[in-house]
Amino acid sequence: VITLDEADEMLDMGFVEDIESILKEIPETRQMALFSATIPAQIANLAKRYMRTPQRITVKTEQTTVPQIRQTFYEVGRRDKFEVLVRVLDYERPTSTIIFCRTKLEVDTLGQRLTARAYSAETLHGDLNQSQRDRVMALFRGEKVELLIATDVAARGLDIDHVSHVINYDIPLDPESYVHRIGRTGRAGRTGCAITLVTTRERRLWQMIQKSTGATFQRMQMPTIADVIERRQEQFKDNIRETLGQEGLERYVIMVEELADEYSPAEIAAAAFKMLLGPTAEETEDKLAGYEDVQEPDYGRPGPAPRLRRDHDGHISGNEQGMTRLYLRVGRDDGVRPGDIVGAIANEAGIPGRSIGAIEIHDGFTSVDVPSDEANRVVRAIKETRIRNQRIVPSLTPPLDTERGGAPRRERPEAPWRERTDAPRRERAEPWKERTEAAPRRERAEPWKERVEAPRRERVEAPRQEERAEAPRKEKVEAPWREKPAAPRKERAKPAAKDDAKPASRAGRKAASKDEPKTSRKRVKAK
């Protein structure tokens, strides 16, 4: 028996050659089954080649989604997508939610941004090893994590009953994937909610999904800050009613009676409510002020760079109005994460974690935005706090000379000669290397390399060999130090006269030798 589960995902992950290799090696007599939420063309071709008279089983096309799942969508602008997600999470207040993204990079980015906003979130994608995946799933199953950001591949096979919401941060590319995503909620007879964020460029794809599923979708209006706080207060009242029916309130009653000598019970309860619920709608900044449900498509064009402003105290504040930027002397080199910053400020200063703004972690320091009216109090509250065994040393001014990392760098505009364009190569030349199209080479030379054309010397042809005049040679003068005194020549002995010549014959020489006187044969050297 040969069984292939999640065949389409194996295809997407690049295992189609491995699937074919396995199918080629199986015996002739076999039983084969392919299970998949979607059947792409390549998988269908494999089934046609290696399966004999297969039976294809599909779900009904009239209603492909579970009826107890409430399906809603928000039309958003691409730049407002994250803030809309935060607003929806604050309004819905889900207990266990799976947020789907298309890519692993988007999963990691969204997880970091939500953690920086003090949400309890974990990520799940294909780059996690088995031990990391088991840890994340144990936290989510144990309801110790509220948000799970995942890709389609990583979420295959998840079977968790208590998932209350599924949010499509990115729209899936086909209706089958949408059905598979929202099927993670509404299990075991429970009700669920599926929320989809639709950008202007995804409307046509969303219309195709709506038509294919045949379900009823409700278009939602963006909740305001007042709506979020009202929903929070109603839920808080329900929690109080539930707590009043429990036991173990005696110690708290004693505290109320002690304060009742100075304040009325209503004032005491109001103060406790304010501490727990946080600021009101009038005191909360609306980051989606001016938001409209239907916006023009932005086509991914970058917006203007955020400007830094100074408040009345001269402190640099971020791009968000009503926020002041703090600088902490811990950073990436110390292993600091956004959750560490949020936890330290929220616990020590006693402000809600969701009121903390943007967090930027650099190598040697960290910048964090806090409400301007709480900035000085936050600095006093966390001045002795340690993160990762390092003192954070909070300050309202940027670090000018830190041991690690230095002051934050200013954003410098991109040089004009680095801007890319579709113009021809010569039209987009750099200003300092400007070329003239029809000018000769020497006319378009750089000023600092200007060449002056010098007149060439006339070439004089050398005379021929026979026309050359014979130049007189100079007499060689011997150097005086080379002059040597002439040595006296030895006088040569005059040759003997012909008469005194020795006899030529042998007999004559013997006779002559007898007549000569005998002398010693020893050679006497001449002096």
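Read-outs throughout are calculated quantities, based only on the coordinates presented, and are distinct from any laboratory measurement. Because the structure is a prediction, the values reported are computed rather than measured. When we count neighbours, we look across all protein chains shown, and the Cβ atoms used for this are built from the backbone with ideal geometry, even at glycine.
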Net charge dipole size for the stretch 312-391 [Lys, Arg +1 and Asp, Glu -1 on Cβ; Debye, nearest 20]: 260
HN-Hα J in Hz across the stretch 267-274 - Karplus 6.51, -1.76, 1.60, θ = phi - 60°, x for Gly and Pro: 5, 5, 5, 5, 5, 5, 5, 5
Karplus-derived HN-Hα couplings along the stretch 193-199 (A = 6.51, B = -1.76, C = 1.60, θ = phi - 60°), whole Hz, x at Gly and Pro: 9, 10, 10, 10, 9, 10, 8
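Could you order peptides 149-156, 137-144 by the average number of other Cβ atoms within 10 Å of their residues, highest first?
Highest-to-lowest ranking by the protection proxy: 149-156, 137-144.
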Whole-Hz couplings from phi, Karplus 6.51/-1.76/1.60, listed for the stretch 173-182; x for Gly and Pro: 8, 8, x, 4, 5, 5, 4, 5, 5, 6
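Give the relative contact order (percent, whole number) for the stretch 312-391; include only Cα pairs under 8 Å separated by 6+ residues.
Relative contact order of the stretch 312-391: 37 percent.
Which of the three applies to the stretch 228-277, rounded, prolate or oblate, going by the alpha-carbon gyration tensor with a ≥ b ≥ c and a/c under 1.5 meaning rounded?
oblate
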Order of Arg79, Arg386, Arg325, Arg117 under a 10 Å beta carbon neighbour criterion, fewest first: Arg386, Arg79, Arg117, Arg325
Amide H within-cut-off set for Ile387, under 5 Å, with H built and near neighbours excluded: Ile392
Global size of the stretch 312-391 as Cα Rg and Dmax, reported in angstrom: 11.7, 34
Most to least packed among 243-249, 367-373, 208-214, 260-266 [average Cβ atoms within 10 Å]: 367-373, 208-214, 260-266, 243-249
Arg70 long-range amide H proximity, modeled H, under 5 Å: Gly192, Cys193, Ala194
Extension reserve of the Asp108-Asp5 stretch, reckoned as 0.36 nm per residue once the Cα distance is removed: 34.4 nm
Interchain or long-range residues, amide H under 5 Å from Ile99's placed H: Leu148, Ile149, Ala150, Ile167
Highest-first arrangement of 174-184, 216-226, where packing means the average Cβ count within 10 Å: 174-184, 216-226
Neighbourhood net charge (11 Å Cβ-Cβ; Lys/Arg +1, Asp/Glu -1) for Arg391: +2
